[in-house]
Amino acid sequence: MSPRLRSVLIIAGVTVVLLLLPVRDKRPAPELPPQDTLRCVVPSGIHKELVLKYAEDQSLTMIVEKGAASLDSLTAGVIDLAVVPDTMAVPDGAVGSKHFLQNTVWVVRGSETEALRRINHWMTEIGSSRLYRKMEKGKLERLDVISQYDGLIKKHAAAIGWDWRLVAAIIYNESRFHNEASSHKGAQGLMQILSSKYTYEEVSDPDRNLEIGTRYLKRLKKMYSRNAADDMESLKFALAAYNVGEGKIQRCIDEAREKGLDASRWATVSTMLPEGHHTKKYVEDVLDTYRDYSRFFPAK
């Protein structure tokens with residue numbers, strides 16, 4: 001093959017290869033959005049400030065709405081982040097952050113593990129900042145919801161003439177608002193009703209469970225009002241009996257009387273229980289939770 005023919009074939013081959021290569025668009029590529037956009041629901045203005053601060057630090061665009069967050073909306077993909085009280089049960093398909101300002105958690109979908117890691121890391125950093133301390137010391141705004149069962153709690157608390165926040169405090173210490181909660185003694189549901197006395201359908205239904213529990217609390221408080229020094233003392237006795245049973249508390253009252261002690265006050269009667277008995281802490285915990293709820297949540 002002559003040198004001239006070889007050159008012609010090489011040039012032809014290169015030309016074919018170039019023709020087969022994809023044509024590159026020399027126009028400038030369109031700019032991608034520099035930020036992710038997330039939709040968030042927060043309970044009050046102070047939480048909106050924190051969420052927007054987080055968005056700024058993470059280079060995110062956050063669409064923030066104020067109101068009671070529906071975690072069903074989160075798992076369904078309608079919203080991407082919800083700031084809720086730490087008493088609210090996080091459903092399957094969602095995960096909550098570490099506890100944050102005003103006893104809240106930030107909830108994201110369960111698949112967003114990296115987002116949750118970033119949130120927790122940011123919370124740790126800002127928790128020691130002047131901004132966070134300023135928010136803690138500032139005027140705390142009331143939250144909107146304690147749990148997803150607030151409507152039912154208010155209905156049944158009103159039926160017995162109790163502050164709904166007190167009933168909510170009892171439920172928190174009984175079940176943490178998990179309707180599926182059960183104990184080794186057979187107690188079921190939000191208010192941990194003994195299933196031996198009722199059908200499974202009754203105790204597993206939140207409405208019926210609350211009706212049974214609140215009516216029992218009303219009866220207990222009325223019963224102990226005949227013995228207690230005042231209204232608060234009768235409440236303490238009722239809470240103790242709800243936790244450990246009427247018979248046990250009555251034996252403690254009788255024992256206190258036999259010893260010549262003031263059996264009209266829970267602080268005295270509770271000394272008849274063994275040291276470190278769980279019922280003592282239960283009464284304290286319920287009242288502490290009630291005080292917290294009274295501070296942060298409206299009475300109606």
Problem set entry | Scope the stretch 48-74; condition buried (at least 20 other Cβ atoms within 10 Å of the Cβ) and under 27 Å from ILE171 (Cβ atoms); matching residues | ALA69, LEU71, LEU74
Problem set entry | VAL108 being more than 23 Å from PRO298 (Cβ to Cβ) and either at pLDDT below 85 or in a loop (DSSP other than H, G, I, E, B) (or both) | no
Exercise. Residues of the stretch 258-270 being surrounded by fewer than 17 Cβ atoms within 10 Å (Cβ to Cβ) and under 34 Å from the mean Cα position of the chain (by Cα), which ones?
Worked result: ALA267
Exercise. So which residues in the stretch 250-288 are at pLDDT below 95 and farther than 30 Å from PHE177 by Cα, if there are any at all?
Worked result: none
Seminar exercise, completed: The number of residues in the stretch 117-168 that are surrounded by fewer than 17 Cβ atoms within 10 Å (Cβ to Cβ), assigned to a loop (DSSP other than H, G, I, E, B) and modelled with pLDDT under 85 is 8
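Would you check if ALA55 is modelled with pLDDT of 80 or more and among the small types (Gly, Ala, Ser)?
On the way: modelled with pLDDT of 80 or more: yes; among the small types (Gly, Ala, Ser): yes.
Criteria met by ALA55.
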For this session: Would you mind telling me which numbered condition in (1) more than 31 Å from the chain's Cα centre (by Cα); (2) crowded, with 17+ Cβ neighbours inside 10 Å MET191 fails?
Result: (1)
Exercise. Between residues in the stretch 270-283 that are of a type outside the set (Ser, Thr, Tyr) and residues that are not in a helix (DSSP H, G or I), which pairs lie under 8 Å by C-beta distance while being six or more apart or on different chains?
Worked result: LYS280/LEU273
Problem set entry | Output for the stretch 186-208, where each listed residue is part of a loop (DSSP other than H, G, I, E, B), small (Gly, Ala, Ser) and within 18 Å of GLY151 (Cα to Cα) | GLY189
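The values are calculated or read from the model by the stated rules, or taken from the named source; none is laboratory data. Quantities reported herein were computed from a predicted structural model and do not represent experimental measurements. All Cβ positions, glycine included, derive from the backbone under ideal geometry; neighbour counts span all protein chains shown.
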